[in-house]
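These notes concern the structure reproduced below.
Values quoted throughout were computed directly from the atomic coordinates according to the rules given, and no laboratory measurement underlies them. Here the structure is a predicted model, which is why all the values come from computation and not from measurement. Counting neighbours? That spans all protein chains shown, and the Cβs are built from the backbone with ideal geometry, glycine included.
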Amino acid sequence: MEFNIRHRAGVTIFSPSGEIIGDASREFREAVADQLASTSDAPKFLFDFTTVSMMDSTGLGVLVGTRLTVMPKGGQVALINPSSKIKTLITASKLTTVFEQYSNEDEAIVALTTG
């Protein structure tokens, strides 16, 4: 599993690639935890799933955990480009209202930095 992590306008853009299942879910959790440890007040995370074909419930747990960590600090978590399989997982877990989803990176950045 590979992770492209960059920053834009105070938003951490996290772009994993591959499948976030099994051991890759653990790697995903560790990479996100490293980013959380290096963020300041009101961290904003944007997860770009353009190159992720599949994610299991452990990967979804990483997203939920990230949200639970950043929300009390005034932070936000958003998603762009989830595959149909990831959308199905989020829907089946009844988490559709938990994560803001945007159609592209520019739209998400505007929403995260002005909202």
Handout entry: the chain: calculated mean residue ellipticity at 222 nm from DSSP helix runs of at least 4, using -39500 (n - 2.57)
Key = -13000 deg cm²/dmol
Practice task
Kindly rank 76-83, 8-15, 93-100 from highest to lowest mean number of other beta carbons found within 10 Å of each residue.
Solution key: 76-83, 8-15, 93-100
Exercise for the section: Let me know the shape class of segment 2-114, please: from the alpha-carbon gyration tensor, a ≥ b ≥ c as square roots of the eigenvalues, rounded when a/c is under 1.5, otherwise prolate if a/b is greater than b/c, or oblate. Expected result: rounded
Problem - Counting DSSP beta bridges with both ends in segment 2-114, the antiparallel % (nearest 5) - result: 30
Problem - Cα shape, segment 57-112, gyration tensor, a/c 1.5 rule - result: oblate
Exercise for the section: Identify, among 4, 114, 49, the residue whose Cα sits farthest towards the positive end of the charge dipole of the chain, taking +1 on the Cβ of Lys and Arg and -1 on the Cβ of Asp and Glu, with the dipole about the Cα centre. Expected result: 114
Problem - Per-residue HN-Hα couplings for segment 2-9 [Karplus 6.51, -1.76, 1.60; θ = phi - 60°; Hz; x = Gly/Pro] - result: 10, 10, 9, 10, 9, 10, 8, 6
